[in-house]
1. Give, rounded to the nearest 20 debye, the magnitude of the charge dipole that segment A:19-138 has about its Cα centre when Lys and Arg contribute +1 at Cβ and Asp and Glu contribute -1 at Cβ.
2. Compute a Gaussian network model of chain B, connecting alpha carbons closer than 10 Å, and tell me which residue from B:Asp70, B:Asp292, B:Asp114 fluctuates the most.
3. Can you pull the three principal axis extents for the Cα set of chain B, in Å, largest first?
4. Would you mind telling me the antiparallel percentage of the DSSP bridges in chain B, rounded to 5?
5. Beyond 20 Å, what percent of the Cα pairs of segment B:342-406 remain?
6. In the Gaussian network model of chain B, springs joining C-alpha atoms below 10 Å, which of B:Gly314, B:Gly334, B:Gly358 carries the largest mean-square fluctuation?
7. Have a look at B:Gly274, B:Asn195, B:Ala258 and report the one farthest towards the positive end of the charge dipole of segment B:129-280, computed about the Cα centre with Cβ charges (Lys/Arg +1, Asp/Glu -1).
8. Could you tell me which trypsin sites (Lys or Arg not before Pro) in segment B:165-254 are loop residues by DSSP with no more than 11 other beta carbons within 10 angstrom of their beta carbon?
Amino acid sequence: MTNEVSAAYPEARVTPDNAPMLKRWREAGELVLQHCEGCGKAVFYPRPVCPHCWSDRLVWRPASGKGTVVSFSVIHRGLPAPFDAEAPIGLAEIALEEGISMIARVLVADGEELESGAGVALVGKADAARFPLPTFRIAR
Amino acid sequence: MSQSPSTSRAPARPVSDRAVSDRAVSDRIGIIGYGSSAYEKSPSRSEAGYMAEAARAALASAGLERSAVDGISVSSTTLPPDNAVTLAETFGLSVSWASIGNAGGAGAVVNVFDAVHAIEAGRASHVLCLAGAAQDGAFFRGRIGRFNGSIGDYLAPHGFGGMNGLFGIIQRKHMQTYGTKREQLGRIAVDQRANARRNEAALLRKEMTLEDYLTAPLIADPIRLFDCVMPCSGAEAILVGPLEEAPSGKAVAVRAAAERHNHPLGEVSPLRGGWEVFRDDLYETAGFGPGDLDFVQAYDDYPIMVAIQLEDLGFCAKGEIGPFLAERRMTFDGDLPLNTGGGQLSCGQTGGGGGMIGLTEAVRQLRGEGGARQVAGARRGLVSGYGMVAYGHGLSASAMILERAQ
Ligand SMILES: [Zn+2]
C-alpha cells in the first residue's frame with residue numbers, strides 16, 4: 001500500500017441497519033457486530049432481523065477485530081478505479097473470533113504473503129478512516 | 001416415476017428438505033421450440049432486439065405463428081425497470097400470463113418450469129421464455145458493484161474485483177480442502193473450447209490447450225483469464241406448449257425440475273449449493289439418474305462452479321471432482337459431454353441468457369440438430385442453473401432433466 005487514494009472508494013449506503021457499524025469504524029477504527037438477544041448468535045452483514053431466529057432484538061457489541069484467513073483471492077486485474085491503482089488487492093474470507101465469517105480486504109505489505117490460516121487484525125485507527133469498511137492486515 | 005403412497009398427515013421428510021420436483025411434471029406440456037440470437041462482443045441493438053431474433057427462431061422451430069403466444073417470461077438482470085409486461089408491449093403481444101425471474105443465472109430453468117405449470121393450470125397455452133442482455137465488458141464492470149444490496153454495501157467498497165474475487169476465494173478453498181488442482185479444473189475449459197470450435201455461433205473459438213489455460217493472465221488468483229466468462233450481447237428463447245404441437249420428433253419433455261435458493265445457510269464461501277438438496281428427488285421424479293444421461297449442460301460462470309455442480313448433482317462424491325475430471329472427456333463425443341456448444345466460457349455470457357444457453361443447447365441436441373457437435377443418439381440430458389451472486393456466492397441453484405419425447 002504505497003499509493004495515496006485519489007478517486008473515492010465506493011461506499012455502503014448508510015441505513016438504520018448498518019449505521020452503528022459504519023460510524024464506529026469511521027470514528028474509532030473498531031469493528032462492532034450485531035448480536036441477537038433471542039438466540040445469542042453474532043450476525044454479519046447487518047440486517048433488521050436475526051436470520052437464525054427472526055428476533056428483532058439485535059444489539060451492537062464490540063468485536064475483537066481479530067480473525068483467521070479461511071481462504072482468499074489476490075486480485076490483479078479487472079478492478080475499477082481507484083482500486084486498479086492499488087492492485088493487487090487481497091480479499092479474504094475471515095473467520096472472526098466471534099464465530100462468524102466475513103469477506104474483507106486484507107492489506108498486504110511488501111515482503112508479506114497472504115496465506116490461509118494466517119492471523120489477521122484490523123488495520124488500526126490511524127488507517128481506518130481511509131477505508132469505507134473494516135479492513136484487515138496480517139497480524140504480526 | 002414413483003408415486004408417493006404416503007397418506008399420513010406428517011410429511012415423510014421435513015418440509016424444508018422437500019424439493020419442488022416432487023409435485024408436478026407434465027406429460028402433456030413441454031418444450032416445443034427454441035432459438036438463439038447471434039452473439040456479439042458489443043451490442044448492435046437493444047436487449048429486446050436480441051430477444052426478438054431468438055423468439056422468431058423459437059417460433060419457427062415450433063412451426064407456430066406469434067399469434068399462438070399468450071404467455072411470456074423473461075430472465076434478465078439488465079432489463080429492469082422494464083419487465084415481462086413491458087416486453088410484451090414491445091413485442092405487440094397480449095398475454096394472459098407474464099413473469100420475470102429473480103434468480104439470475106438459475107432463473108431461466110425456473111422460468112421454463114414455471115411456464116409448464118402455468119399452462120397446466122390453464123393460465124396460458126403457449127409461453128415464450130426469453131433471456132439475454134445487450135452489454136459489453138465495460139458495461140458489465142460498471143454495474144457489477146451494484147448487482148444487489150449486499151454486494152453494493154459490503155463487497156464493492158473493498159474492491160472485490162467483481163465476481164472473480166469471490167470465486168477465487170471459493171476455488172482456493174476447494175483446492176486446499178480437497179486437493180483439487182487447476183490441471184483438473186482446466187479440463188472443463190479446454191474440452192468446452194473444443195466443443196465451441198464446432199459451433200459457429202461461439203465468440204471464442206481459438207484452440208485452447210491445457211497449457212494455455214494454466215498460463216493465462218492472472219485475474220484473481222487462483223482465477224486466471226480462461227476461468228472467466230466474457231460478458232457479451234445476445235439472447236436465447238424457449239417456447240413451452242403442448243408437446244403434440246411440435247413438429248414430428250422435435251418435442252422435448254420436462255421429466256423433472258427443481259430450484260433452491262439460499263442453501264447452505266450461513267456460509268459466505270460454500271463449496272456446495274442448492275443442487276445437493278433436491279438431487280435425489282430430481283432423479284427419482286425423472287425415473288433415471290446421472291448414469292443414464294447423454295449430456296450435461298451445467299452453468300459455467302467458472303469451471304470451479306461446474307465442478308461443484310457435478311459433485312452436488314451426484315456425478316461423483318463431494319471433493320472427488322478432481323480425479324473424476326482427470327478420467328473423463330467432456331467433449332461432445334466424450335464419455336461425459338458437457339456444455340456441448342462451448343458454454344458461456346466459450347460462447348460468452350449474455351447476462352440472464354447465461355442461464356438459458358444450456359437449455360437451448362439441450363433442446364438442440366435432443367432434436368438431433370447439433371450439427372458438427374451433435375451428441376450421437378442424445379435422448380436424455382440435464383441442465384443446471386446457478387446465479388444471483390450476493391454476499392460471497394450465488395444464492396440460487398436450479399436443474400431440469402429433459403428427454404426427447406416419443
Ligand atoms: Zn437470533
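Read-outs throughout are calculated quantities, based only on the coordinates presented, and are distinct from any laboratory measurement. Bear in mind that the values here come from a model prediction, so they are computed numbers and not experimental data. So basically every Cβ, Gly included, is an ideal-geometry build from the backbone, and we count neighbours across all protein chains shown.
1. With only Lys, Arg, Asp and Glu charged at Cβ, the dipole is about 460 debye.
2. With Cα springs under 10 Å in chain B, the top fluctuation among B:Asp70, B:Asp292, B:Asp114 is at B:Asp292.
3. 55, 51, 44
4. Approximately 70 percent, going by the DSSP bridge assignments.
5. 35
6. Its mean-square fluctuation being the largest, the pick is B:Gly334.
7. Value computed over the given set: B:Asn195.
8. B:Lys206
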